[in-house]
Amino acid sequence: MSMNIAIDGPAGAGKSTIAKKVAKELSFIYVDTGAMYRAMALYLLEKGISGDEKISEACHDADISIRYENGEQQVILNGKNVTAFLRKEEVGNMASVSSANPEVRTHLLKLQRNLAAENNVVMDGRDIGTNVLPNADLKIYLTASSKVRAERRYKELVEKGVEADFDKIEEDIIIRDRQDMEREIAPLKQAEDAVLVDSSDMTIEEVVDAIVAEFEKVK
Ligand code: DC
């Protein structure tokens with residue numbers, strides 16, 4: 001049986017950075033489910049598709065799969081590696097909207113469950129502990145204040161040489177929190193059996209160590 005760690009939390013909480021490091025430490029595969037929703041959003045943006053009904057129809061034409069290159073997850077959309085295009089704010093904002101669509105979620109759920117059944121995974125997202133992997137060996141709810149999350153995103157963009165507006169970033173984070181937490185299907189919430197980690201005043205290493213220590217208790 002494969003071992004599964006689920007990490008959920010709001011945008012910018014550091015899930016992918018942390019999940020990647022935890023996976024490396026335990027020699028697990030890191031699965032970034034947000035990137036799958038982003039690939040779907042990219043598909044919809046490129047096709048100019050919006051509105052729930054049209055999204056429900058069109059999402060079945062988006063064939064999304066993942067593979068690993070040098071340990072890094074690559075997302076393949078209809079045969080093309082789109083990994084480099086997924087982190088744009090525009091794509092993230094669209095993903096937050098289109099991921100509320102039930103057909104989109106069903107389309108991606110199968111891929112996520114298959115990966116977790118076949119591999120030891122650290123999987124991050126919004127509904128991993130509550131919906132995708134309800135029997136995960138360890139569930140973490142990783143959060144931080146919206147201000148700290150906006151600061152981190154701002155720094156990340158500036159370091160990449162991308163122009164960034166702090167207030168706009170914080171505003172987008174608050175809007176996305178609301179969308180992700182208030183949607184009807186698989187909203188972001190802490191699973192009852194998840195361990196809460198608030199990283200506002202913690203370093204990356206402290207968070208990784210805390211999660212690995214939690215895993216040692218349950219494995
Ligand atoms: O973690 P992220 O910013 O890459 O996620 C992009 C969007 O995808 C996020 O706003 C909500 C959605 N998402 C989701 O609904 N369920 C997941 N398991 C992962 C992401």
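At 0.36 nm per residue, and after removing the present C-alpha to C-alpha distance, how many nm does the segment from Ile185 to Asn81 gain when stretched out fully?
34.6 nm
At 1.4 Å probe size, put Leu115, Leu108 in order of accessible surface, largest to smallest.
Ranking Leu115, Leu108 by accessible area, largest first, yields Leu115, Leu108.
With equal scatterers on the alpha carbons only and no solvent term, can you work out the Debye log10 of I(q)/I(0) for the range 75-127 at 0.14 1/Å?
Reported log10 I(q)/I(0), two decimals: -0.46.
Taking each pair of different alpha-carbon atoms in the chain once, compute 1/r for the pair, average those values, and report the inverse of that mean as the Kirkwood hydrodynamic radius in Å to one decimal.
About 17.5 Å for the chain.
Can you give the accessible area of Tyr68 in Å² (nearest 10), computed on protein heavy atoms with a 1.4 Å probe?
Here the accessible area works out near 80 Å².
In the range 1-127, if the dipole is taken from +1 on Lys/Arg beta carbons and -1 on Asp/Glu beta carbons about the Cα centre, which of Ile49, Asn120, Ser99 is farthest to the positive end?
Asn120
State log₁₀ I(q)/I(0) for the range 89-219 at q = 0.14, 0.15, 0.17, 0.22 Å⁻¹ as given by the Debye formula over alpha-carbon point scatterers of equal weight, solvent excluded.
-0.76, -0.88, -1.10, -1.41
Shape verdict for the range 1-120, please, from the Cα gyration tensor: rounded (a/c under 1.5), prolate (a/b greater than b/c) or oblate.
The shape class here is prolate.
Looking only at the chain, where both bridge partners belong to it, what percent of the DSSP beta bridges are antiparallel (to the nearest 5)?
Rounded to the nearest five, the antiparallel share is 30 percent.
Hey, in the GNM for the chain with a 10 angstrom Cα cutoff, which one of Gly48, Gly79, Gly129 fluctuates hardest?
Between Gly48, Gly79, Gly129, it is Gly48 that shows the largest mean-square fluctuation.
Out of Ala84, Ala144, Ala191, any idea which swings most in a Gaussian network model of the chain, alpha carbons joined below 10 Å?
Its mean-square fluctuation being the largest, the pick is Ala84.
When the chain is fully extended, how far beyond the present Cα-Cα distance does Ser65 get from Glu216, taking 0.36 nm per residue of separation?
In short, 51.3 nm is gained.
What does the extension gain come out to for Asn114 and Met1, with contour length at 0.36 nm per residue minus their alpha carbon separation?
Length gained, Asn114 through Met1: 39.4 nm.
What accessible area per residue comes out for the chain, rounded to a whole number of Å², with a 1.4 Å probe?
51
Could you tell me the center-to-center distance, by alpha carbons, between the range 91-118 and the range 33-62 in angstrom?
10
Please report the equivalent ellipsoid semi-axes of the range 1-54, computed as sqrt(5 x eigenvalue) of the Cα gyration tensor, largest first, in whole Å.
They are 29, 12, 10 Å, listed from largest to smallest.
Cβ under 12 Å from Phe215's Cβ, Phe215 left aside: what net charge do those residues give with Lys, Arg +1 and Asp, Glu -1?
Every neighbour counted, the sum reads -2.
Once every DSSP H run of n ≥ 4 in the chain is given -39500 (n - 2.57) and the sum is divided by its residues, what mean residue ellipticity at 222 nm do you get, rounded to the nearest 500 deg cm²/dmol?
-15500 deg cm²/dmol
What does the C-alpha gyration tensor say about the overall shape of the range 112-170? Classify as rounded when a/c is under 1.5, otherwise prolate if a/b is larger than b/c, or oblate.
It comes out prolate by the Cα gyration axes.
Applying 1/(1 + (r/R0)^6) with R0 = 30 Å to the Cβ-Cβ distance of Lys155 and Lys54, what FRET efficiency is obtained, to the nearest 0.05?
Efficiency, rounded to the nearest 0.05: 0.25.
The values are calculated or read from the model by the stated rules, or taken from the named source; none is laboratory data. Small disclaimer: the values here were computed from a predicted structure and weren't measured. Here Cβ is always computed from backbone atoms with ideal geometry, including for glycine, and neighbour counts include all displayed protein chains. With ligands, DNA and RNA removed, areas are computed over all heavy atoms of the protein, side chains included. Shrake-Rupley method; radii C 1.70, N 1.55, O 1.52, S 1.80 Å.
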